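Asker: This is the structure I want to talk about, given as structure tokens.
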Amino acid sequence: METQLLSHGMPVLAGIAAVFVLAGLVKGVIGLGLPTVAMALLGVMMPPAQAAALMVLPSLVTNLWQLAAGPGLSGAVGRLWPLLVGICLGTWGGAGLLDGISAADARHGLGLALAIYAGLGLGAWSFVLSGRWGRVLALPVGMATGVVTLATGVFVVPAVPYLQALGMTKDELVQALGLSFTVSTVALAFGLADSGVLSVPVLGASALALLPALLGMALGQWLRGRVGNRAFRLCFFVGLLALGGHLLLTA
């Protein structure tokens, strides 16, 4: 895979770098979207398998950076650990629940759910989970997120609506998203490694995409620091709407 990537001409390599800069910038601003943006744009340059291989390290490292840059990692872990345990359980144990469901149907359903949620958010509708309900729902929400991750490769639903309903500040929310996505990525990577999909050449190719993704994320975080809470909320829900629309159109 690494040799195949290096065999592309300079215009294609420059295009790949630009894709990861843009995808990292989107993630830096709203806290999510790197895999979706990158996969959508890389799909016009290479087969899906190569595009997916490039995503492994950029996704993992940018998620780690995102959670480490927040206001209090230990507090976030202490608050969200039931959600994280549920994500692992759902990712590792949910394969049997997906029998009979096609990948296209799963992505279509996820895209529709995201679009509806984003539309409600843009319409100023919101809900807040109390401390008690936040604790009660954490484990089942995590397990459902793990199952959805298996079906679609996207870590967003229902974890993102759940986290957004906890009433966090924009920086706390972005950190919580990074923590959730990191655990989801690691859990999925263990499953892929166990099935023999991940290999050293795949990781080598993915490492080449890491630097532009980090550059884009640094730019996105710089922009987020200059965006007010209201503008961030608008960017957040517009980003979710774009993600949902992309899933619907490509399902």
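Read the figures in this text as sums done on the coordinates, not as results from a lab. Just so it is clear, the structure is predicted and the values come from calculations on it, not from any experiment. Every residue, glycine as well, gets a Cβ built from its backbone with ideal geometry; the counts of neighbours run over all protein chains shown.
Asker: Which whole-number percent is the relative contact order of the chain (Cα, under 8 Å, 6+ apart)?
Answerer: Over the chain, the number comes to 40 percent.
Asker: Note down the net charge around LEU243, summing +1 for each Lys or Arg and -1 for each Asp or Glu among other residues with Cβ under 15 Å from its Cβ.
Answerer: Spelling it out: positives minus negatives among the neighbours equals +2.
Asker: Sticking with this one: How large are Rg and Dmax for the chain when only the alpha carbon atoms are used, in Å?
Answerer: 17.3, 56
Asker: With Cβ to Cβ distances under 15 Å as the rule, what net charge do the other residues near GLY33 carry (K, R +1; D, E -1)?
Answerer: +2
Asker: Enter the angle in degrees (range 0 to 90, nearest 10) between the Cα long axis of helix 170-194 and the first principal axis of the Cα atoms of the chain, meaning the one along which they spread out most.
Answerer: Helix 170-194 and the main axis of the chain meet at about 50 degrees.
Asker: Before rounding to the nearest 500, sum -39500 (n - 2.57) across all DSSP H runs of length at least 4 in the chain and divide by the residue total; then give [θ] at 222 nm in deg cm²/dmol.
Answerer: -25500 deg cm²/dmol
Asker: Figure the gain on full extension for TRP222 and PHE190 (residue separation times 0.36 nm, minus the Cα-Cα span) and round it to one decimal in nm.
Answerer: Roughly 8.3 nm would be gained on extension.
Asker: Given charges of +1 on the Cβ of Lys and Arg and -1 on the Cβ of Asp and Glu, with all other atoms neutral, how large is the dipole of the stretch 2-250 about its Cα centre, in debye to the nearest 20?
Answerer: Dipole size: approximately 760 debye.
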